[in-house]
Each structure stands twice: as structure tokens, then as C-alpha cells.
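*Asks:* Dumping the structure here so I can ask a few things about it.
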Amino acid sequence: MAEHEAKGSIVLEILIVILTAALVAVILIPGKIWKEEALEEKTAHDNIMSIYEAEKYYKNLTGKFTTDPAKLIETIHSDSNLIRKQKVVNYTRELIREFDKYMNNPLIKNIVRIKKNVDQINDDLESNQYNFKSYKEINDEANELKIQLNNFMNAPEYPEFVRLVSYLDSLMDIRQTLTDFTLQVNALRIKNVTDSIQTYLPKVNIESVNNKWAPLSQRLDNFIKMVKRSPLVHVTSVADRVRDFKKLIDGSFDQLIKLDMNVQIQQLQQLNQGLDELYQKFLQDYSITSQFALSKLPESDSLIIHLTEQNFYSPVNHKMYQLMFDADSQFIKVESPVLLDDLKERAMKVVDDVNQLPFLDTMHDYLKMLDSIKTTADQIRKKYRKNTDLFIAYKEMEGLVNRYNNISIVEAYRDLEDFRTIVPKCRSFSTIKDLIEKSWKGIQIFDQAYTENVFGNLDTLHLKMDNKIDEIDKVIEKINKRRRRAKIKTLEPEKKALDSLLTTLKSQKDDAMLAKMKDMVKELQDIFIFAQKGKKVRVYGVFDKKIKNFGYIYKDSKSWEDKK
């Protein structure tokens, strides 16, 4: 009995461990999968943009695109202009690093903080002037405080501190306008200011400045209390802001008093020496540092310069991105290869079915006959240029033929023709997807026409075409009556052929074909949904991961942004 209970206890413990592990997996693994999906999408888009920008840059250099990754990378990475830009960025960042080291020195940082927060208090007192006007005591004190704060930052008792603050202001201005000047000019400006700071810094008496601040700090405390006890507390938060700024100033003075000035001055001297050495380095590389500072490359240049062979392959299926040029090589399309083979395989099954639709060849022959009739009529018109009736009749016929292009059943035919001729040789996911959408709509149009036995505008235009052919034939007969030599052939045979083709087209239906077209529409819609949403694959045994195509860039347009 005891042995049986012990075995049951072990089984229960094992079951608890298994269930606990399963619970942890259910909580953690989906989040991991989502992160993988997001990272793959971001990587794919970054890769597509990098390749696209690199191809554009390559075309500017060579006059053409290339599908050879090694050639593309070698060419752009050896481009002197791109190398020069990167060196400018590297030098600018080096200058910023040295500058920031100097400004982050505890002595400098706290003095800058004092100046910044005094200005903040002044600005707040000034911006609340309208609110203060209704309270004379507060208004008078606010005006007096602005005077006192200004006197504090410009006190004649400690001119070295005042000048030091002024130089630090200049440094901050230089930092903000860095890209408005060349690297050499920036380095020289910084060096001149830091040299001046090193001159005045040893003469600054922080304790004396702090003693000057102490009564002003107390006066600000009293002002804060005065505002908080007034109805102004319901109108403005100026008291809280002034209190926060004042605390920062008080804190900076506390830190400054604790600093060993000699140590700080020595550290700043070393940092100043580093800035001077950097300036000398800039003078030696004149061709680069005589250019304007550039803190970072433009996005396109940054993508190009960091391009590697790895960028040419999808993070999902590790196949190379599709690079497709226009016929005239004016534009390039860079597209994700994910699910391309799956989509094409599914589409090809429908291509085989479309090829079996009998009316496509008949429609092809009908439209070809239309063009043949127009061509023949044009030849007759050119031969008898002075015949106004013939000219007018031909132009009207030309207009009728052009109108065929805009009727739904002809558009449907052309979409189906594109589908069955382009898909077999196409390597573009987005192109196949578009053809699929157009094709199912095209089949629906033919299905409706045959089901309802109504061909709409096709019948209307055909009747008008017959009448126009008759009109041209009458003109031809008039011309023939005046001719003694060989007569001009009329368009009657072509008209009969066109009529016959329309009759054949409209009679090419049976129940099996109608049922097949409905099946094809459903199949194409399912394939389109697959193209739109992608598919799910099983990972970690029981979890699903979404796989989808990540789009393309064409003519500077990103498909994933167009969707938004």
C-alpha cells in the first residue's frame, strides 16, 4: 500500500514538472516567435533599402545597374566620394567626443547647469508677467528677482566667473552650429574658447560666487511661498518650476564646493591638450577637414557604405533578393524572395486551366481581325488622301477600335492573357500577386457574360463596327465606279470574318466550362489570400510562426509604406 502511494506521488510530481514546463513555454515561446518575426521583417526591409540605394549609386557611377553583388559592393566601397564622406563623419564624431569629454567635466558641467537654470527661472518669471500683474506684491518681487538674477550672472565682484560663463555659452553655441562650419574652423573655434577658459578658470572663486547666490536662493524660496499662498497657485505652476530650477542650482553649487579645483583644472588642461592635438591632426588632413562637419551620413549613404554580401540574402529562406530592371534600365525593383516559389507553383496550376479556356483564342483572333480591318482601311485612306468621306469614316472607325480597349470584357481578356504568358517566366512576387487578382476578376466577367448570355458593350461596339465597315465600303464602291483599272476590294470579307468570330465567341460555352471557371475564381482568390497573408509553419513542436513576403522598393516607393 505504501509502495503504491510512493509511486503515485512520483508520477504526480513528474506531471507537475511537465505541466509547469508547458505553462512556461506557453508564456515565453510565443513572445520569442513574435520577436523573431519582427526582427526578420525589419532586417528584410533594411536589406531591400540597402540594395536599392546601392544600385542607384552604382548606376550614377557606371550608367547601369548590376545583378552581381560582389561587383556592386567592390565598386561602391572603392568610391572616393563615399570614402571622403565617411572620413568627414568619422572626424566630426571624433571632434564631438573630445568636445563632450570637456563639457562633461564636473566643474564645467555644474557651471553650465547653474547658468541654464538661472535662465530658466528668468524665462518663467518673464512669461508669467501677465499673471503677476493682478498681485502687486508678487509682481514687484518678480521684477526685483529678475534684476537680482541678472546682477548675479554679471556681478563685477567675480569677473572671472562671469567671463567663464560667457565662454561656456560660446562653446554651447559652437556645438549647436557645428555642421554650419568646416571641421578645421570648428576645431579652431573650440580650441580658442577652451584656451581662454583655461586662462580664467584658476582665478574663479567658487565659494565667493556661492556666497553671492545664497541670499538670492533664500529670496526665491520666499517668493515661491508667496505664490503658493496666493490664488495664482490655481492659475500657474510657476512656483513649482522655479522651485525645481532653484534646487538644481543649489545642488550644483554644493557639488562645486566639494570639488578639488586643482585636480579639475589639471583634468581640463589635459582635455584641452587633446582638443589642440585634434586640431593639429585636422590641419594635416586638409582635403578632408576643410569640408563642412557632418555628424552622420545621409540615410542612403549610410545604407550603402555598410552594405555586405549578407544583405543580399533573405533572413527567412536565405535566398537572394530579386533584382529586376525595366526594359530600358531606367528603374530597378528590389523585392523579397520569400514565398515566391510557393506562390508561383500555385499560380502555375491555374495557368494550365486558363490555357484550356476556348474563348481566349477566339477573342485573340477577333481583336486581331479588328486591327487588320483598321490597317486595311488606313492603307485605302492613305491612297485616296483627298477623299474627305473616306478620311472621316476611317477616323471614326479608328475611334471605335480604340474604344474596344476600354470595355470590361476586352480588359478581362488582356488580364487573362497577361496571367498565362507572364506568370511562367516571372520572378516577381508582387507582379504575380497583381496578375492573380486581375485574373480572378477577369474570369468572373467572362463567367457572367456566358451565364447571362449578355456581352454588353462588345455587342454594341460590334454593331457600330459593322455599320462603319458598310459606310467605308459604300465610299469604296463610289471610288470603284470612277476607276477604269483594277477595283479596290471592299471590307465585306473581313466584316463576315469578324461576325463569324463573334458568333463563335458567344457560342463557346457549356456547363463544364462554367463550373470550371467558378472553381478557378475560388482557387485564385485562395491564392491571393495566401499572397496577402503568407503562411504559418510549425516551430517548437506546437507553435506557429508566420512567414510572409516583405515587399519591394520600386521608383523610390516602398510597398510596405504604401499599404499604410
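The values are calculated or read from the model by the stated rules, or taken from the named source; none is laboratory data. Keep in mind the model is a prediction, meaning the values are calculated, not measured. For neighbour counting, all protein chains shown are included, and Cβ atoms are generated from backbone atoms with ideal geometry for every residue, glycine included.
*Asks:* So TYR554 passes all but one of these: (1) touching a residue at least 24 places away in the same chain (Cβ under 8 Å); (2) under 30 Å from ASP371 (Cα atoms). Which condition number does it fail?
*Replies:* (2)
*Asks:* Can you tell me which residues in region 107-151 are over 22 Å from THR236 (Cβ atoms), surrounded by 17 or more Cβ atoms within 10 Å (Cβ to Cβ) and over 43 Å from the mean Cα position of the chain (by Cα)?
*Replies:* The one that is over 22 Å from THR236 (Cβ atoms), surrounded by 17 or more Cβ atoms within 10 Å (Cβ to Cβ) and over 43 Å from the mean Cα position of the chain (by Cα): LEU107.
*Asks:* Related question: Working only within region 475-507, note down all residues that are part of a helix (DSSP H, G or I), closer than 19 Å to MET397 by Cβ, of a type outside the set (Gly, Ala, Ser) and touching a helix residue (DSSP H, G or I) at 6+ places or on another chain (Cβ under 9 Å).
*Replies:* Once the filter is applied, which keeps residues that are part of a helix (DSSP H, G or I), closer than 19 Å to MET397 by Cβ, of a type outside the set (Gly, Ala, Ser) and touching a helix residue (DSSP H, G or I) at 6+ places or on another chain (Cβ under 9 Å), region 475-507 yields VAL475, ILE476, LYS478, ILE479, GLU492, GLU494, LYS495, LEU498, ASP499, LEU501, LEU502.
*Asks:* Among all residue pairs at least 6 apart or on different chains, which show Cβ distances below 9 Å where the first residue, located in region 98-114, is assigned to a helix (DSSP H, G or I) and the second is among the aromatic types (Phe, Trp, Tyr)?
*Replies:* ILE108/TYR102; ASN110/PHE253; ILE111/PHE161; ILE114/TRP213; ILE114/PHE253
*Asks:* Identify all residues within region 530-564 that are more than 23 Å from ILE432 (Cβ to Cβ) and among the hydroxyl-bearing types (Ser, Thr, Tyr); write none if there are none.
*Replies:* Answer for region 530-564, where residues must be more than 23 Å from ILE432 (Cβ to Cβ) and among the hydroxyl-bearing types (Ser, Thr, Tyr): just TYR540.
*Asks:* Looking for something under 26 Å from the mean Cα position of the chain (by Cα) and closer than 16 Å to PHE181 by Cα - is there at least one such residue anywhere in region 323-331?
*Replies:* No - not one qualifying residue is present in region 323-331.
*Asks:* List the pairs whose first member sits in region 450-461 and is in the same structural domain as ASN405 (by TED's automatic domain parsing) and free of Cβ contacts under 8 Å to residues at least 24 places away in the same chain, whose second member is part of a loop (DSSP other than H, G, I, E, B) and surrounded by fewer than 14 Cβ atoms within 10 Å (Cβ to Cβ), and whose Cβ atoms are under 7 Å apart, counting only residues at least 6 apart or on separate chains?
*Replies:* From residues that are in the same structural domain as ASN405 (by TED's automatic domain parsing) and free of Cβ contacts under 8 Å to residues at least 24 places away in the same chain, there are no pairs.
*Asks:* Taking helices (runs of 4 or more DSSP H) that do not extend beyond region 201-308, which have at least 1 residues that are closer than 30 Å to ASP46 by Cβ and out of contact with any helix residue (DSSP H, G or I) (no Cβ under 6 Å at 6 or more places or on another chain)?
*Replies:* So the answer is 299-305.
*Asks:* Go through region 486-501 and give me each residue that's over 13 Å from ILE373 (Cβ atoms) and surrounded by 12 or more Cβ atoms within 10 Å (Cβ to Cβ).
*Replies:* Hits for region 486-501 are LYS487, ILE488, SER500.
*Asks:* Would you point out the residue of region 326-348, among those that are in contact (Cβ under 8 Å) with a residue 60 or more places away in the chain and assigned to a loop (DSSP other than H, G, I, E, B), that is farthest from LYS546 (Cα to Cα)?
*Replies:* Restricting to residues being in contact (Cβ under 8 Å) with a residue 60 or more places away in the chain and assigned to a loop (DSSP other than H, G, I, E, B), the top hit is SER329.
Matching residues to (1) aliphatic (A, V, I, L, M); (2) over 30 Å from ASN105 (Cα atoms); (3) in contact with a Lys or Arg (Cβ under 7 Å, 6 or more places away or on another chain); (4) buried (at least 16 other Cβ atoms within 10 Å of the Cβ):
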residue	(1), (2), (3), (4)
SER287	no, yes, no, no
LYS296	no, no, no, no
TYR313	no, yes, yes, no
VAL316	yes, yes, no, yes
TYR321	no, yes, no, yes
MET324	yes, yes, yes, yes
ILE332	yes, yes, no, yes
LYS344	no, yes, no, yes
